[in-house]
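The structure appears right after this line, and notes come after that.
The values are calculated or read from the model by the stated rules, or taken from the named source; none is laboratory data. Note that this is a predicted model, so its numbers are computed, not measured. Cβ placement follows ideal geometry from the backbone for every residue including glycine, while neighbour counts extend to all protein chains displayed. Side chains included, ligands, DNA and RNA excluded: accessible areas come from the protein's heavy atoms. Shrake-Rupley method; radii C 1.70, N 1.55, O 1.52, S 1.80 Å.
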Amino acid sequence: MSPSGFSYPRLWSCTWRREIGGDAGNQSATPAAVARQNELLEQYLRAGTTVFLDSTNVEAHIRAQLIERARRHGRPVVALRFVPDLETCRARNRLRPANRQVPEDTLRWQHDLARAATPNVLLAEGFTAVHQVDPAPTGATVSDALPTIRFACITDSERRHAFFCAAASEAFDRLLAAYESDDDLTATPFEFTDPHLISETRKWVADKQRDSDRPATVMIGSVENGQWVNWNLAAVPRPPVPSH
């Protein structure tokens, strides 16, 4: 998934630093670049135009300002969450021109903040939706990459039974919507953090998609009265029962 492939306007902070300060790495031009970015963002929001804002946004107070702008104009605001591992960030940082390289302590700080901004955290902040964009394995092409997925917890009205499901990101909203009209069941976004569980679930969803040629949904397991009663991910040991 590449931002450069989006057909709607893209606001990129580095562009404004280059135009204002003569160099995309000129951090002294950042305040003026942000002001210009926000000016254009307001114009697009007032016009009801979908716009892609390409900036790091790892700090909660910065995200809050963007969410507030969108709400003032009655617009949804969607987060794309990219969290490559720290060594990948370091390797890419070393390949940047000297004036664009990020200091090691800043890189680690940004990475820690990005990891802490989980989908559940971002939804609680006010984002309309959050899409996890996982990096493809080294050497893989886009077509080789496994689908991005999201998890949901489906509970009954008494919260005695819970079903943990996963869906390809493009099918996730439909998964939640399927339960909106049912008074006895509630579906909410959920996050598993075990990398092995996530990886195996992505493989499972990919297999299902290949079989059906459409975005797939799978049920990982179910809980009754605080105990696992069903677990369908054979390659992964049952984790502790999540709180939900």
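Some points to look at:
- Matching residues, the range 197-228, being over 16 Å from Cys165 (Cα atoms) and at pLDDT 85 or above: Asn225, Gly226, Gln227
- Applying a threshold of 8 Å to beta carbon distances and a minimum spacing of six or more residues, or different chains, the list of pairs starting in the range 42-68 at a residue that is within 21 Å of Asp112 (Cβ to Cβ) and ending at one that is of a type in the set (Val, Ile, Thr) and open to solvent by less than 40 Å² (accessible area, probe 1.4 Å) reads Leu66/Val77.
- For Asn93, the requirement of being open to solvent by less than 30 Å² (accessible area, probe 1.4 Å) and more than 26 Å from Ala129 (Cβ to Cβ) is met.
- Inter-residue pairs, beta-carbon under 6 Å, first under 13 Å from Ile220 (Cβ atoms) and in the range 154-177, second in a helix (DSSP H, G or I) and hydrophobic (A, V, I, L, M, F, W, C), 6+ apart: Ala167/Leu175
- Count of the range 151-179 residues which are open to solvent by 60 Å² or more (accessible area, probe 1.4 Å), among the hydroxyl-bearing types (Ser, Thr, Tyr) and assigned to a helix (DSSP H, G or I): 1
- Residues being part of a helix (DSSP H, G or I), surrounded by 12 or more Cβ atoms within 10 Å (Cβ to Cβ) and under 16 Å from the mean Cα position of the chain (by Cα) - total across the range 180-198: 1
- Scanning the range 201-215 turns up no residue that is part of a strand (DSSP E or B) and open to solvent by less than 30 Å² (accessible area, probe 1.4 Å).
- In the set Leu107, Leu66, Leu113, only one residue is under 30 Å from Phe151 (Cα atoms) and touching a Cys at 6+ places or on another chain (Cβ under 8 Å); that residue is Leu107.
- Matching option when the condition is of a type outside the set (Phe, Trp, Tyr) and at pLDDT below 85, among Arg115, Arg108, Arg100, Arg150: Arg100
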